[in-house]
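Report on the structure given below.
The values are calculated or read from the model by the stated rules, or taken from the named source; none is laboratory data. From a predicted model like this one, the values you see are computed outputs, not experimental measurements. Note that we place each Cβ from the backbone using ideal geometry, even for glycine, and neighbour counts take in every protein chain shown.
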Amino acid sequence: MKETTLRHPASFPTRARGFTLIELLIGSAVMLIVVVGALQIYSRSNKISADQQQFIEIQTDVRAAMYFLSRDVRMIGTGLTETLAGYALDGVDNESTGTSETPDRLKVLGNMEDPLVLPIQSYNGSSIKVSMDDYSLEKFPYPDDFYVGKIALVVPNGSSSCIGLGERVITHVTHNTDGTNESVNFSPGQAPGINLPGGLTDICSSEDFVGGAIMFSDLREYWLDVTGNVSGLTAGTNGYIGGGQGGVLYMTLNGVYYPIAQNIETIQFQYNGDFDVDSQGLLDGFTNWNSSWTRAQIGRIRQIRIMILGRTPNPFASVGHNAGTSAGLYGRPAVANTAAATPDWRKRFLLESTANIRNLSVNLFNTGLR
């Protein structure tokens, strides 16, 4: 009879065990929580990143607009005589006019970009030909064809009391190779489509222009296109974008529209000068544009405060749209005499700067300075 040996159960090899259904469910639930949490963190980070990108964009737009505006304000009236100082700028305070377009407008005049001072020796108003001192054109680096089509200011001499100014289109310049017999020819009449501040026109006699000067004209108007559909302008024509794209700040230069910044909600100007003509010549403090100012009062403006408010193109996605204490951070603030608005959950960036009108009635080109 064969003997059978029995082994203890613990001595048998351990059989591999799998996960139970409950363990699988618990593990899946934990993994799902981790994945959902990660997705929420990613979504939140993505919204914050997109919002910050919007905010950086409007900061860049506002700073660019302020650069151009403050530069041109400092150059207002360059080359004009003291008699014409009151015609170097025009403003519009749209809040006071009752229009729905709340941003202000500013129009400035002067020789701001390409330096040019050609002294006038004789002025023939009938044929619109101006003779100059010999070697006048040779003082500047521009070739003859550079002058063709340019709009120029024909400024009376400094002793003239005539309130007038020629704004003309140059057809060509002539001169001998040795720099003699130099002259500038213009198209008849004032340059078309140009509306000078104060409605200034060429009403002076030929004698008033003898001893005056010819310079390139920079007539610039800063204005904000709120709707992107300005009446009288055609989208895609003469530089105007249109097509419903609002919030674009334009600079109109000699009748041509140049968009210089987008995402702009409002632009405001305030002016400081000796408006009451006191004996001490004290500035009266900043105030909004007054349509009743005389040209003499406008000529006493010495500072312009510029306020540009940018707005993100879309509401902030990373902010809960509830009426919390931070709601005021996402609405338009009051700027100058423009009232604040209810929150629309878009972030704003306001930049303010004060520029001195340093070049009014001062011809800096004679000293080589800008």
*Which one is surrounded by the most Cβ atoms within 10 Å (Cβ to Cβ), of the residues in the range 319-334 that are in a loop (DSSP other than H, G, I, E, B) and modelled with pLDDT under 80?*
Val319
*Which condition number does Leu219 fail, the rest of (1) in contact with a strand residue (DSSP E or B) (Cβ under 6 Å, 6 or more places away or on another chain); (2) in a loop (DSSP other than H, G, I, E, B) being met?*
(2)
_Condition first: touching a residue at least 24 places away in the same chain (Cβ under 8 Å) and under 23 Å from Tyr135 (Cα atoms). Now tell me which residues in the range 167-183 satisfy that._
Arg168, His172, Val173, His175, Gly179, Thr180, Asn181, Glu182, Ser183
*Report whether or not Ser43 is of a type in the set (Gly, Ala, Ser) and modelled with pLDDT of 75 or more.*
no
*asked:* Just the residues that are of a type in the set (A, V, I, L, M, F, W, C) and over 15 Å from Met215 (Cβ atoms), please, taken from the range 131-152.
replied: Val148
*Which residues, taken from the range 227-283, are among the aromatic types (Phe, Trp, Tyr), under 21 Å from Val73 (Cβ atoms) and surrounded by 17 or more Cβ atoms within 10 Å (Cβ to Cβ)?*
Tyr250, Tyr257, Phe269, Tyr271, Phe275
*Scan the range 44-95 residue by residue and report those that are in contact with a helix residue (DSSP H, G or I) (Cβ under 8 Å, 6 or more places away or on another chain) and in a strand (DSSP E or B).*
Leu89, Asp90
*asked:* Can you report the number of residues in the range 123-172 which are of a type in the set (S, T, N, Q) and farther than 13 Å from Asn185 by Cβ?
replied: 5
*If we scan the range 347-359, do we find a residue that is of a type in the set (Val, Ile, Thr), at pLDDT below 80, surrounded by fewer than 18 Cβ atoms within 10 Å (Cβ to Cβ) and under 30 Å from Gln59 (Cβ atoms)?*
no
*Which of the residues belonging to the range 276-295 are of a type in the set (A, V, I, L, M, F, W, C) and within 27 Å of the chain's Cα centre (by Cα)?*
Leu283, Phe286, Trp289, Trp293
*From (1) in the same structural domain as Thr171 (by TED's automatic domain parsing); (2) closer than 14 Å to Ala65 by Cα; (3) not aliphatic (A, V, I, L, M), pick out the condition that doesn't hold for Glu207.*
(2)
*Could you tell me which residue of the range 108-136 is surrounded by the most Cβ atoms within 10 Å (Cβ to Cβ), considering only residues that are in contact with a helix residue (DSSP H, G or I) (Cβ under 8 Å, 6 or more places away or on another chain) and of a type in the set (A, V, I, L, M, F, W, C)?*
Val130
*Evaluate the following for Val226: is it hydrophobic (A, V, I, L, M, F, W, C) and in contact (Cβ under 8 Å) with a residue 60 or more places away in the chain?*
yes
_Please determine whether any residue of the range 72-82 is out of contact with any strand residue (DSSP E or B) (no Cβ under 9 Å at 6 or more places or on another chain) and either buried (at least 22 other Cβ atoms within 10 Å of the Cβ) or modelled with pLDDT under 90 (or both)._
yes
*When you scan the range 196-216, how many residues do you find that are outside any helix (DSSP H, G or I) and in contact (Cβ under 8 Å) with a residue 40 or more places away in the chain?*
13
